[in-house]
Amino acid sequence: MNQHDKLAEFNPTSLNTVRIMTLAYGGNVHHVSSMVKMGGPGGRIDNVSAGGLCIGIKNDGSLTSFGFDCYLNKTTRHPQTNLEFPDHYEVPYFHEMIDVVKEKHQLFKSHGIISWDVSVDNDGYVTIVECNTAWSGLESHQAFHGPVFKEHMEYINNINS
């Protein structure tokens, strides 16, 4: 698939995706946290565990000014492209990607938490690359955004009540 030019800027040798975590309960699906995942130098895949990096995405679609590798080493630029992670950068079609995964999460009745890897092309066509139902990558989300379930604690505290 072809990725949006703005996503390719991070690392043109890999398909760079947006990891979106959703939480479903009470008939609603909530966007919890997001980040961009990109391949490392010369990498073809975006996995952080394979030498890639991730950068947090704020709720407005702009980036945090730093990223992490798999050891949570903080960085402000990509080691291959030297692209600095600007906090004014806006992820293209970010809200459209959220809408797509929230709609698809409705189909997964037995999964409360899903982390979706999605990409988008220059025309705004959103592609779901994979959905992670067993491994959400929570530690990376929390490294960028703190306690990501903070707004949902009333529900979480009462799950087994």
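Since every read-out is calculated from the coordinates, none of them should be taken as a lab result. Just so it is clear, the model here is predicted, and its values are computed rather than measured. Here the Cβ positions follow ideal geometry from the backbone for every residue, glycine too, while neighbour counts run over all protein chains shown.
Once the gyration tensor of the Cα atoms in the chain is diagonalised, the equivalent ellipsoid follows with semi-axes of 26, 17, 14 Å, ordered largest first. The phi-based Karplus calculation (6.51 cos²θ - 1.76 cosθ + 1.60; θ = phi - 60°) puts the 3J(HN,Hα) values of the stretch 98-104 at 4, 4, 5, 6, 5, 5, 5 Hz, whole numbers, x for Gly and Pro. For the peptides 8-20, 52-64, residues were scored by their other Cβ atoms within 10 Å and the scores averaged per peptide; the highest-first order is 8-20, 52-64. Local charge for Asp123 was computed over the other residues whose Cβ lies under 14 Å away, with Lys and Arg +1 and Asp and Glu -1, and equals -2.
Evaluating 6.51 cos²θ - 1.76 cosθ + 1.60 at θ = phi - 60° for every residue in the stretch 11-28, the Karplus couplings come out as 7, x, 8, 10, 7, 8, 10, 9, 8, 10, 9, 10, 10, 10, 6, x, x, 10 Hz, glycine and proline recorded as x.
Paramagnetic label reach from Asn2 (point 7 Å along Cα→Cβ; backbone nitrogen cut-off under 12 Å): within the stretch 118-148, residues 121-125. Take the Cα of Asn158, step 7 Å toward its Cβ, do the same at Ala134, and the gap between the two points is 3.2 nm.
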